[in-house]
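*Asks:* Have a look at this one before I ask anything.
The values are calculated or read from the model by the stated rules, or taken from the named source; none is laboratory data. Fair warning: this is a prediction, and the values are worked out from it, not measured in the lab. When we count neighbours, we look across all protein chains shown, and the Cβ atoms used for this are built from the backbone with ideal geometry, even at glycine.
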Amino acid sequence: MSVVTSHTTAVTECPACKSTVVFRFESTTICVCTTCRSQVTRGGLKLGQAMPSPSDDMSKLRVGASGKQDDKTFTVTGRIRFIFDDDGYVNLWHVETGGRGNNWIAESFHTYAFLKEDEASYPLSHLLLLKPGDKFTSKSIHYYLSSSETKTSVEAEGELPEEVPEEKIMYVVGTSPDKLAVHFHVFNRNKYRAYRGKNMLFSEFNFSNTRAINS
Amino acid sequence: MKLQPQEKACESCSSTIKWYTAAQSRHLYCSKCGQYHEVNKKGELQKKTAGTPKIKGPAYTFKPGDVITLDRIAYTVIGSTWKEDMQYPEFKWKEYTLFNDEAGYRWLSESMGHWILLTELDAVPIRRSSDTVAIFNEVQYDVFQKSRSNTIHAAGEFSSMPLVRGARYQEYIAPPSMLSVEITTSGHTWFKGQHISKKEVAAAGNIESDKLPVQDGVGAVEPFGSAVRQDITIAIAAIAVGLMLIVMMISSSMSDDRMFMADSSQADSTGKITTQSFDVTQSGALRLRYEADCYNNWSEAEVDIINDATGESQGTIIGAEYYAGSDSEGSWSEGSTSSEQYVSSVPAGKYHLVITPFRGTANASGTKYQLTLEQNATIGSNFFSCALLIILAPVVQYFRRRSFESRRWSSSDFSPYSFNEEE
């Protein structure tokens, strides 16, 4: 499997600790410094707060892992890990697909969804009223609200398309009867982003360069 | 291959606690003293009183660290829980959380010796008809339980504090499968369950089958014992009866084995008829047909079938009676002027008949009669006996299945069976 890598590897210096920060992927603008955990731009600016290194949650994925979705190869560039108030979590693995939008793999307790950022067309006021189990329709697809959790902390690593959000986030997941998924990130209850895609099994991604678990 | 755990020291008894799934499970129990701990972000154990079981645990069939191999995937048991239904606390079951680093999680439920393997669904079933059915992959599942559970004991590691009281759950069944949904304030999580036999559990856990709990009653999704579906049994029985009917009709229409006719004109001075000898060419049933001119009278004939060679006799009485008239309600009639009778199992050979007639009212009608004898007769009663036996199979199966389903649903609040009726 070919690995999607940048043709324009960029190197900059972390403004906080002076370590070298290397950008290997085209679609990213932020890299978490491996030394001091600062979020560094390609221009060498420090953004937001330092990101703790993600806890070891036995994920098989890691930065640099590659896979396939709809016969298109992708490579994992970085991860944001939201920890929720009920001790749940979601790993949002940003994947570079060769210029096909802002794509992510959402992973929670070894369940997976391949998602692409989409327009936020569902009315926010309706979204805020939804409860688990409620049916809603977005872009002509019927979903049922599977979960609605509140982020309590965030961790990050690798390269990401933008600064890691620090606001209060309500993480809402809708699932359809035919495995389609929509994830909403609601920021401070006044704006949100929508990510659409489908739920998939680990084996369906044909991953390579994954992390070996200690078995 | 077995998952290698991290090791932590119990904050209460210092025993080693094995931690298999790291940050996925921040709630750990000491297998030695049962102390409950939470793991903080630094990976340190913090013992907690709330969350430590107040009762002694049951005899779990599987313990954290055991390996269960399903579909050639080795899962490590990471947690065992003991639950009770909140409404019917006498109903208890155990659940084992299984983990494989690629396949993820599975849950094995053990209830009264019956086993169900559950997998989290990545799609949502559709609930219809006021939530009494759930449809998933075009299969209809009927509601079986809507209740709340208390987790009264736990061992191993968990993603959230397991000793939860009043957790809502709903179950829908289409044996050997089921759908289950756990309902919390933050989410609805759907699972698909599949009955797994005791033998399969023993093989998966590499333990002897007789070491597993004894089965009691009927499992929620235990398949009915018969390997043959009832509709197939009915179809086979219907085809068999149909074929028998066709064969009988063809045989009946093609048989022309009339041997002779005798009538009253051949009677001697005593009224008896002694026939000429005739050949019964093959062993089997003989059909006698009797017709008389009786009107408001009865007429009978005692027929002796006598073997010429041995002198052995088989006797029978055949007759007819017919009455008619009119009264205030109009005209009426009853009986018939003819009848048929079979004489079964007559061996091949040479025979003759001795016919002795009787009639009700002398000098009235019924003096004339005619007797016909045929061989190769098909006996309708044989057909009906066979048909009954064939039909008996699906009937017995139906009642066995009904009893089985009735026992299955006896633990449901949504049973379609009336238990007074069943008792």
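*Asks:* Here are some conditions: (1) small (G, A, S); (2) within 15 Å of A:H185 (Cα to Cα); (3) more than 14 Å from chain B (Cβ to nearest Cβ). A:G101 meets all but one. Which one does it not meet?
*Replies:* Only one criterion in (1) small (G, A, S); (2) within 15 Å of A:H185 (Cα to Cα); (3) more than 14 Å from chain B (Cβ to nearest Cβ) is unmet by A:G101, namely (2).
*Asks:* Another question about this same structure. Exactly one of (1) touching a Lys or Arg at 6+ places or on another chain (Cβ under 6 Å); (2) farther than 19 Å from A:E13 by Cβ; (3) part of a loop (DSSP other than H, G, I, E, B); (4) not hydroxyl-bearing (S, T, Y) is unmet by A:A50. Its number?
*Replies:* (2)
*Asks:* Please work out which one of (1) more than 14 Å from chain B (Cβ to nearest Cβ); (2) under 14 Å from the mean Cα position of the chain (by Cα); (3) under 12 Å from A:F82 (Cβ atoms) is the condition A:E155 fails and give its number.
*Replies:* (1)
*Asks:* Can you report the number of residues in the range B:2-58 which are assigned to a loop (DSSP other than H, G, I, E, B) and either within 25 Å of B:I152 (Cβ to Cβ) or of a type in the set (K, R) (or both)? Break it down stepwise before answering.
*Replies:* Initial filter on the range B:2-58 (assigned to a loop (DSSP other than H, G, I, E, B)): B:2-5, B:10-15, B:20-21, B:25-26, B:30-35, B:40-44, B:49-58.
Filter again for either within 25 Å of B:I152 (Cβ to Cβ) or of a type in the set (K, R) (or both), leaving B:2, B:10-13, B:15, B:20-21, B:25-26, B:30-35, B:41-42, B:49-58.
Within the range B:2-58, residues that are assigned to a loop (DSSP other than H, G, I, E, B) and either within 25 Å of B:I152 (Cβ to Cβ) or of a type in the set (K, R) (or both) number 28.
*Asks:* So, A:V21, is that one crowded, with 16+ Cβ neighbours inside 10 Å, at pLDDT 95 or above and closer than 29 Å to A:I213 by Cα or not?
*Replies:* Values: crowded, with 16+ Cβ neighbours inside 10 Å: yes; at pLDDT 95 or above: yes; closer than 29 Å to A:I213 by Cα: yes.
Here the answer is yes, as A:V21 does meet what is asked.
*Asks:* Test B:D131 against the criterion of being within 23 Å of A:K179 (Cα to Cα), in contact with a Leu (Cβ under 7 Å, 6 or more places away or on another chain) and within 11 Å of chain A (Cβ to nearest Cβ), and give yes or no.
*Replies:* Working: within 23 Å of A:K179 (Cα to Cα): yes; in contact with a Leu (Cβ under 7 Å, 6 or more places away or on another chain): no; within 11 Å of chain A (Cβ to nearest Cβ): yes.
So B:D131 fails the test.
*Asks:* A further question on this structure: Any residue that is buried (at least 20 other Cβ atoms within 10 Å of the Cβ), over 16 Å from A:K151 (Cβ atoms) and in contact (Cβ under 8 Å) with a residue 40 or more places away in the chain - is there at least one of those in the range A:80-92?
*Replies:* For the range A:80-92, residues buried (at least 20 other Cβ atoms within 10 Å of the Cβ), over 16 Å from A:K151 (Cβ atoms) and in contact (Cβ under 8 Å) with a residue 40 or more places away in the chain: absent.
*Asks:* Inside the range A:188-210, can you point out the residues that are more than 14 Å from chain B (Cβ to nearest Cβ) and either crowded, with 16+ Cβ neighbours inside 10 Å or closer than 16 Å to B:H188 by Cα (or both)? Walk me through it before giving the result.
*Replies:* Here is the first cut: in the range A:188-210, the ones more than 14 Å from chain B (Cβ to nearest Cβ) are A:188-196, A:209.
Listed by number, the residues that qualify are A:Y192, A:R193, A:A194, A:Y195, A:R196.
Conditions tested, residue by residue: (1) free of Cβ contacts under 8 Å to residues at least 24 places away in the same chain; (2) within 9 Å of another protein chain (Cβ to nearest Cβ); (3) of a type in the set (F, W, Y); (4) touching a Gly at 6+ places or on another chain (Cβ under 9 Å).
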| position | (1), (2), (3), (4) |
| --- | --- |
| B:D101 | no, yes, no, no |
| B:G104 | yes, yes, no, no |
| B:L117 | no, no, no, yes |
| B:I126 | yes, yes, no, no |
| B:E138 | yes, no, no, no |
| B:F144 | no, no, yes, no |
| B:N150 | no, no, no, yes |
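*Asks:* Shifting gears a bit: Spot the failing condition for A:R81; the list is (1) out of contact with any Leu (no Cβ under 9 Å at 6 or more places or on another chain); (2) within 11 Å of chain B (Cβ to nearest Cβ); (3) within 15 Å of A:Y171 (Cβ to Cβ), and only one is missed.
*Replies:* (1)
*Asks:* OK, next. Of everything in the range B:314-345, what is loosely packed, with under 12 Cβ neighbours inside 10 Å and either in contact (Cβ under 8 Å) with a residue 12 or more places away in the chain or in a loop (DSSP other than H, G, I, E, B) (or both)? Give them in sequence order.
*Replies:* Listed by number, the residues that qualify are B:A324, B:G325, B:S328, B:E329, B:E334, B:S345.
*Asks:* Hey, another quick one. Contact list please: Cβ distance under 7 Å, first residue in the range B:153-171 and among the aromatic types (F, W, Y), second residue in a strand (DSSP E or B), pairs at least six apart or on different chains.
*Replies:* Listed by first residue and then by second, the contacts come to B:F158/B:H27; B:F158/B:G79; B:Y169/B:S147; B:Y169/B:S149; B:Y169/B:S180; B:Y169/B:V181; B:Y169/B:E182; B:Y169/B:I183.
*Asks:* A further question follows. Do you know which of the residues in the range B:166-194 that are β-branched (V, I, T), farther than 15 Å from B:D122 by Cα and within 10 Å of another protein chain (Cβ to nearest Cβ) is surrounded by the most Cβ atoms within 10 Å (Cβ to Cβ)?
*Replies:* Taking the range B:166-194 as the starting set, the residues that turn out to be β-branched (V, I, T) are B:173, B:181, B:183-185, B:189.
From what is left, the residues that are farther than 15 Å from B:D122 by Cα are B:173, B:183-185.
Narrowing further to those that are within 10 Å of another protein chain (Cβ to nearest Cβ): B:183-185.
On the way: B:I183: 16, B:T184: 14, B:T185: 9.
The residue in question is B:I183.
*Asks:* Tell me which of these A:Q49 doesn't satisfy, since it passes every other one: (1) touching a residue at least 40 places away in the same chain (Cβ under 8 Å); (2) over 25 Å from B:E44 (Cβ atoms).
*Replies:* (2)
*Asks:* Right, something else. Which one of A:Y122, A:Y112, A:Y144 is under 26 Å from A:R211 (Cβ atoms) and buried (at least 17 other Cβ atoms within 10 Å of the Cβ)? I'd like the intermediate steps shown before the answer.
*Replies:* Working: A:Y122 fails: under 26 Å from A:R211 (Cβ atoms); A:Y144 fails: under 26 Å from A:R211 (Cβ atoms).
None of the other options fit; the residue is A:Y112.
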